[in-house]
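Just so you know, all these numbers are worked out from the coordinates, no wet-lab data involved. These numbers were taken from a predicted model, which means no experiment stands behind them. Using ideal geometry, Cβ is built from the backbone for each residue, glycine included, and neighbour counts are taken over all protein chains shown.
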């Protein structure tokens with residue numbers, strides 16, 4: 001059964017019985033670049049580990065925080081509600 005559901009600012013979305021307006025989406029055109037960037041950064045950090053004995057923690061924490069904010073902004077239900 002399809003039910004009309006209000007999804008913000010006057011737009012309507014038709015949801016099936018198993019779908020929710022608050023579900024996470026995982027489109028490949030968003031997930032693939034995010035995962036590729038995380039893998040490339042991890043490779044770079046591991047190479048720096050092998051070359052030097054110290055890695056500064058602040059840049060790594062900033063990268064992870066920025067990456068997580070992108071995941072939340074692009075794939076969370078917050079993104080779907082904004083459209």
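At a glance:
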quantity: Kirkwood Rh, Cα atoms: Rg over Rh of the range 23-82; calculated: 1.10
quantity: Order of 67, 24 - criterion: other Cβ atoms within 10 Å of each residue's Cβ, fewest first; calculated: 24, 67
quantity: Virtual spin-label span in nm between residue 55 and residue 36, 7 Å along Cα→Cβ; calculated: 2.2 nm
